[in-house]
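A.B. asks: Okay, handing you the structure first.
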Amino acid sequence: MKRTLPAFALLGLLSVAQADVTPEQLEVFRKVQPGDEAGLAVASRTARELAGRKDLLSITALRAMKGASPLGKNWLVGLANAAQKKSPSSTAELEAFLRNTGEDPEARYTVFRWLTEGNEPARNQWLDAMLEDPSPELRYEAIEKALIPAELPEAKLRDLLDSARQPEQVTAIFERLDKLGVKIDRAKHFGFLTQWKFIGPFDNAGSNHFNTAYAVETDYAANKLATSYSGKSDAAAWRTETSSDPDGLVDLAKIYNNEKGCIVYGIAEVNSPSDVACELRVGCINAQKVWVNGELVIANEVYHTGMQVDQYIAPIKLKAGVNRILIKVCQNEQKEAWAQRYIFQARVCDSTGKAISLK
């Protein structure tokens, strides 16, 4: 008796000809996470089973990447590559997939590589139309191509700057504009928060107070901050600081005389013209917690493991009007020279990394 193909509303991936590849087999890659031993075992077994199948098309595995966990995507892209070697999807199918900006960015970049490998004219043609592509990898490659000429006019560089998102690439464009005598406010371009009010230091002896809710936290949540609090050794009052660093870096070691075993709180106000979904991106070499309008959005209890722009990213929602961002930055008591930095940076941007318009 002929088997009936079950409905496939969840992923919308399979045709009747692919009835043997079930939704359940692909669903495991949406859910698998590091540390989930049972889920990892199922995903690994499923990947091995699908790798030996001839009825799994590369385009099917690629479409399954949308909404999959990062770990699941690793398996799916491997399956897609293997399937493409066994039974290649047509060029027309792949081109249609690449044009669909709603598909997973990593999956689209994989298709881009397939279509353009060893074909420089095709690569150039695709990249010429991808300066605003939502895929970070494709946008990056498109801008790199556009920057190849040693001499570019100011207008072209400004257009590329508006498209660029990757910090090192943006810096390269800044440098070229600078040689033309054009000065750009880097902190404003990235959306770094430069106006802060700080209070501290509070005690962090033994690095034991990351989860201690000092009165600043509870008062912030209740929207009734006091003018001063009992600090680590005496009364702590708020102080206003403005970062002049082009990357919005705030040096708390300098502000608080290299205090060790301490905690400092900072508040920045962001005035949004409307309700907007965006991202808060933080770089910090110390342990930190961050709240937006009372909601905890970032928490990392790590010390001196390095930092970079956009090290920690959290989706947030700003309301129309004033929004208050509270950051708690913890310093430990290590005495090594490399452990003396007490710094952070924070910026507000859209999901691609472009600064949003604020009042």
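Laboratory data are not the source of any read-out in this text; all were calculated from the coordinates shown. The shown structure was predicted, so the numbers you read here are calculated from the model rather than taken from an experiment. Counting neighbours? That spans all protein chains shown, and the Cβs are built from the backbone with ideal geometry, glycine included.
A.B. asks: How much of the pair distance distribution for the range 190-349 lies past 19 Å, counting alpha-carbon pairs only, in percent?
C.D. replies: Of all Cα-Cα distances in the range 190-349, 51 percent exceed 19 Å.
A.B. asks: Another question about this same structure. With labels modelled as points extended 7 Å from the Cα through the Cβ direction, what inter-label distance (nm, one decimal) is found for S351 paired with E336?
C.D. replies: According to this spin-label approximation, the distance is 3.9 nm.
A.B. asks: Once label points are set 7 Å from the Cα along Cα→Cβ at both N271 and A235, what is their separation, rounded to one decimal in nm?
C.D. replies: 3.1 nm
A.B. asks: Excluding residues on the same chain fewer than 8 positions from K73, give the lysines whose Cα lies under 18 Å from its Cα.
C.D. replies: List returned: K31.
A.B. asks: Identify which of the listed values of mean projected area of the Cα convex hull in nm² was calculated from the structure shown: (1) 18.5; (2) 23.6; (3) 20.3.
C.D. replies: Correct label, based on the coordinates given: (2).
A.B. asks: Here are some pairs, K156/K319; K224/K317; K183/K232; which of them have Cα atoms lying more than 31 Å apart in this structure?
C.D. replies: K156/K319; K183/K232
A.B. asks: Any idea how far the Cα center of the range 239-296 sits from the one of the range 154-185, in Å?
C.D. replies: 26 Å
A.B. asks: Another one. Based on other C-beta atoms within 10 Å, arrange K289, K317 from fewest to most.
C.D. replies: With the fewest neighbours first, K289, K317 line up as K317, K289.
A.B. asks: Any chance you could run the full-extension gain for K188 through A299? It's 0.36 nm times the residue separation minus the Cα-Cα distance, nm to one decimal.
C.D. replies: 37.4 nm
A.B. asks: For the range 76-232, just say rounded, prolate or oblate: build the C-alpha gyration tensor, square-root its eigenvalues into a ≥ b ≥ c, call rounded for a/c under 1.5, and beyond that prolate if a/b exceeds b/c, oblate if not.
C.D. replies: oblate
A.B. asks: Still on this structure, I have one more. Specify the residue with the greatest mean-square fluctuation among K197, K183, K260, computed from a Gaussian network of the chain linking alpha-carbon atoms under 10 Å apart.
C.D. replies: K183
A.B. asks: Further question: Relative contact order (percent) for the range 190-349, with alpha-carbon contacts under 8 angstrom and 6 or more residues of separation?
C.D. replies: Computed over the range 190-349, the figure is 33 percent.
A.B. asks: Is it possible to state the helix-based mean residue ellipticity at 222 nm for the chain, with each DSSP H run of 4+ residues giving -39500 (n - 2.57), the sum divided by total residues, to the nearest 500 deg cm²/dmol? What is it?
C.D. replies: -10500 deg cm²/dmol
A.B. asks: Related question: Before anything else, pin down the relative contact order of the chain: Cα pairs under 8 Å, at least 6 apart, normalised by residue count, whole percent.
C.D. replies: 13 percent
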